[in-house]
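Novice: Sharing a structure here in C-alpha cells format.
The values are calculated or read from the model by the stated rules, or taken from the named source; none is laboratory data. None of the values given here were measured: they were computed from a predicted structure. FYI the Cβ positions are ideal-geometry reconstructions off the backbone, even for glycines, and counts take in every protein chain you see.
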Amino acid sequence: MIRIAIVGTGGMANTHARAFAAIRGCKVVAACDVIPERAEEFAKRHDVPAVHTDFDRLLAEVDVDAVSNVTPDAVHAPVSLRAIAEGKHVLCEKPLATNYADAAAMAKAAKRKRVINMVNLSYRNSAAIHRAHDLISRGEIGRVMHFEASYLQSWLTSRHWGDWRRAPAWLWRLSTAHGSKGVLGDIGVHILDFASYAAGDVKAVNCRLKTFPKVKGNRLGDYVLDANDSAVITVELAGGAIGTVHTTRWATGHANSLLLRIHGDRGAIVVDLDKSYRELRICRGRNVDKNVWKTIRCGPTPTIYQRFIRSIRTGKNDQPDFARGAAVQKVLDACFQSDAEGRTISI
Ligand SMILES: NC(=O)c1ccc[n+]([C@@H]2O[C@H](COP(=O)([O-])OP(=O)(O)OC[C@H]3O[C@@H](n4cnc5c(N)ncnc54)[C@H](O)[C@@H]3O)[C@@H](O)[C@H]2O)c1
C-alpha cells in the first residue's frame with residue numbers, strides 16, 4: 001500500500017483525493033493545511049485518518065511514502081523540497097515553482113534523492129494530446145510550420161465558478177504578493193506544455209501581458225490585484241515553426257477551453273478539448289488537396305495520478321516530471337522578461 005499525504009486541502013485537493021481513492025494499492029493517510037478547519041473538513045470528507053497544520057510535524061509523526069503538493073504556487077518549492085529531503089515521492093501541482101531557479105533546484109533535488117517526481121500538467125490526461133505527439137513525431141503531417149494554441153477562461157466576467165471578489169482561491173491568483181504569476185503562471189503553463197509537447201520545444205518567445213483594473217484602488221482587503229490576466233505570446237520552435245499562444249481570464253463564454261491547431265507541410269492536426277479529450281481531427285494525404293478532415297478516436301490514457309502511482313511501483317519515472325516542469329518554467333520566465341523588456345527572448 002502506497003501511503004500518501006495531501007498538503008494544501010483547498011479546491012484542487014479534492015480532485016487529488018478522489019483520483020487516488022479510485023486507484024488500487026494507494027491510500028491518502030494524512031491531510032495538511034495551514035487552516036485547521038479546512039484540513040479537518042477535508043479529512044472528514046475523504047476519510048483521511050491523520051490531520052495536521054504543520055508539514056514538518058506530519059513528516060515526523062505519520063509514515064508516508066508520497067506527498068501530493070496542492071498548495072498555492074509560491075508554496076510548491078518549499079513543501080516539495082522538504083518532502084524530497086525526507087525521501088518522499090512527490091506529485092506537485094503546476095506551475096512547478098514561481099521561477100526557473102527554484103524549479104531547477106526541485107528537479108535536481110528529486111534526481112539526487114532518486115524519488116519519483118511528477119508535475120500535475122493535467123491536460124496530459126487527454127488521450128488526444130498523446131496521439132497528436134505520436135503522429136507528429138512519426139512525421140504524419142510533415143514538418144511543423146505553424147501553430148496556434150489558446151487556453152481561455154472567463155471567471156473574471158462570469159460567476160460559473162463563484163464570485164472571484166469573495167473567494168480566497170481566486171483572489172490569491174490575482175495577487176503577486178500572494179505568489180501568483182497571473183494567468184500566465186496559472187494556465188499559460190498548461191497551454192505552453194500542451195502545445196510544445198505536441199509541436200516541439202520552444203526556442204524563443206515574444207510576450208505581451210496585460211493586467212486590467214478590476215476594482216477601485218485595485219485592492220480587495222489583503223489582496224493587491226496586480227497579477228496579469230491576459231497573455232499573448234508569439235513563439236518560435238526549435239524546428240523553425242512559428243505560432244501563437246494566448247490565454248486569458250476574460251474570455252466570456254468559455255469556462256475552460258483548450259485549443260491547439262498544428263499545421264505541417266504535409267498535413268494538420270486539431271485538438272479541441274471543448275469537443276473531446278479522446279478525439280483529434282487530422283487532414284493529411286489526399287485529403288490535403290480537398291481540405292477534408294477526419295476524426296481519430298484516441299486512448300484511453302492513464303491519468304497523471306495513475307502514472308505517479310505506477311511510477312512509484314515500477315521505479316520508472318513517467319512524464320511530465322520535474323525536469324519537464326522546470327523546462328516549461330524557463331519558458332514562463334522568458335515570457336515575463338520579454339514583456340518587461342519589450343523584446344524577443346531566446347530560451
Ligand atoms: N492541475 C490543474 O489542473 C489545477 C487545477 C486547479 C488548481 N491547480 C493548482 O493547485 C494548487 C492549489 O490550487 P487551489 O485552487 O486548490 O487553491 P486553494 O486556495 O483552494 O487551496 C490551497 C490550499 O493550500 C493551503 N496552504 C497554503 N499554504 C500552505 C502551507 N504552507 N502548508 C499547507 N497548506 C497550505 C491553503 O490554506 C489552501 O487551503 C495551485 O498551485 C493551483 O495552480 C491545478
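Novice: I want to confirm something. Restricting to segment 261-287 and keeping residues that are without any contact (Cβ under 8 Å) to a residue 40 or more places away in the chain and part of a strand (DSSP E or B), which single residue is farthest from the chain's Cα centre (by Cα)?
Specialist: Cys283
Novice: Of (1) within 16 Å of the ligand (Cβ to nearest atom); (2) more than 26 Å from Thr303 (Cα to Cα); (3) in contact with a His (Cβ under 9 Å, 6 or more places away or on another chain); (4) not polar (S, T, N, Q), Leu152 satisfies all except one. Which?
Specialist: Of the numbered conditions (1) within 16 Å of the ligand (Cβ to nearest atom); (2) more than 26 Å from Thr303 (Cα to Cα); (3) in contact with a His (Cβ under 9 Å, 6 or more places away or on another chain); (4) not polar (S, T, N, Q), the odd one out for Leu152 is (2).
Novice: Further question on the same structure: Between Ile347, Ile309, which is surrounded by 21 or more Cβ atoms within 10 Å (Cβ to Cβ) and of a type in the set (Val, Ile, Thr)?
Specialist: After applying the criteria, what remains is Ile309.
Novice: Would you kindly identify the helices (runs of 4 or more DSSP H) lying entirely within segment 81-190 that contain at least 1 residues that are closer than 30 Å to Lys316 by Cβ?
Specialist: 100-113, 127-137
Novice: Out of the residues in segment 78-121 that are more than 11 Å from the ligand (Cβ to nearest atom) and within 22 Å of Ala227 (Cα to Cα), state the one that is surrounded by the most Cβ atoms within 10 Å (Cβ to Cβ).
Specialist: My answer is Ala103.
Novice: Go through Lys290, Lys316, Lys294 for me and flag whichever is farther than 23 Å from Thr15 by Cα and outside the structural domain of Glu236 (by TED's automatic domain parsing).
Specialist: The match here is Lys316.
Novice: Please go through (1) out of contact with any helix residue (DSSP H, G or I) (no Cβ under 9 Å at 6 or more places or on another chain); (2) within 23 Å of Ser126 (Cβ to Cβ) for Val202 and return the number of the only condition it doesn't satisfy.
Specialist: (1)
Novice: In the list Gly221, Gly182, Gly239, Gly188, which residue meets the criterion of being more than 14 Å from Phe147 (Cα to Cα) and in contact (Cβ under 8 Å) with a residue 60 or more places away in the chain?
Specialist: Gly188 is the lone residue from the list that is more than 14 Å from Phe147 (Cα to Cα) and in contact (Cβ under 8 Å) with a residue 60 or more places away in the chain.
Novice: Let me ask you something else. Which number in (1) of a type outside the set (Phe, Trp, Tyr); (2) surrounded by fewer than 22 Cβ atoms within 10 Å (Cβ to Cβ); (3) more than 9 Å from the ligand (Cβ to nearest atom) marks the one condition that Gly11 misses?
Specialist: Every listed condition holds for Gly11 apart from (3).
Novice: Next up: So in segment 20-35, with the set limited to residues that are crowded, with 22+ Cβ neighbours inside 10 Å and within 16 Å of the ligand (Cβ to nearest atom), which one is nearest to Met1 (Cα to Cα)?
Specialist: Looking at residues that are crowded, with 22+ Cβ neighbours inside 10 Å and within 16 Å of the ligand (Cβ to nearest atom), I get Val28.
Novice: Something else: I'd like the full set of residues that are out of contact with any helix residue (DSSP H, G or I) (no Cβ under 6 Å at 6 or more places or on another chain) and of a type in the set (Asp, Glu), limited to segment 76-105.
Specialist: Glu93, the sole residue that qualifies.
Novice: Within segment 60-76, count every residue that is touching a Cys at 6+ places or on another chain (Cβ under 9 Å) and either over 15 Å from Ala31 (Cα atoms) or away from the ligand (no atom under 15 Å from the Cβ) (or both).
Specialist: Residues in segment 60-76 being touching a Cys at 6+ places or on another chain (Cβ under 9 Å) and either over 15 Å from Ala31 (Cα atoms) or away from the ligand (no atom under 15 Å from the Cβ) (or both): 3 in total.
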